1. Just want to confirm a number: the relative contact order over the chain, from Cα pairs under 8 angstrom separated by 6+ residues, in percent.
2. With a ≥ b ≥ c taken as the square roots of the eigenvalues of the C-alpha gyration tensor of the range 2-58, please select rounded if a/c is under 1.5 and otherwise prolate if a/b is larger than b/c or oblate if it is not?
3. Any idea what angle helix 49-58 forms with the longest principal axis of the chain, computed on alpha-carbon atoms, 0 to 90 degrees, nearest 10?
4. Spin-label point model (7 Å from Cα, Cβ direction): what's the residue 32 to residue 6 distance in nm?
5. If packing is taken as the average number of other Cβ atoms within 10 Å across a peptide's residues, how do 47-53, 6-12 rank, most packed first?
6. Listing 54, 3 from the residue with the fewest other Cβ atoms within 10 Å to the one with the most, what is the order?
7. When the chain is fully extended, how far beyond the present Cα-Cα distance does residue 59 get from residue 14, taking 0.36 nm per residue of separation?
8. For residue 24 and residue 48, FRET efficiency with R0 = 30 Å and r from the beta-carbon atoms, rounded to 0.05?
């Protein structure tokens, strides 16, 4: 969810770069999914904002 509400997460940090970027990544994420580490600042996310909205609609929150 955070990736779709942010201007830099989900790979958006590097989208506007006009040079080659190198990332050094330390992970505490099980499986080391690069799109999940630090919300994927330098790795593009394949999910969409619509995917995030579907998840929100499926969550049943109590008041």
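1. Across the chain, relative contact order equals 39 percent.
2. oblate
3. Approximately 30 degrees, to the nearest ten.
4. About 2.1 nm separates the two model spin labels.
5. 6-12, 47-53
6. 54, 3
7. 13.1 nm is the gain from fully extending residue 59 to residue 14.
8. Working from the Cβ atoms, E equals 0.60.
Every number in this text was worked out from the coordinates using simple rules, so none of it is lab data. Please read these numbers as outputs of a predicted model, since none were measured by experiment. Note: ideal-geometry Cβ built from the backbone for every residue, glycine included; neighbour counts use all protein chains shown.
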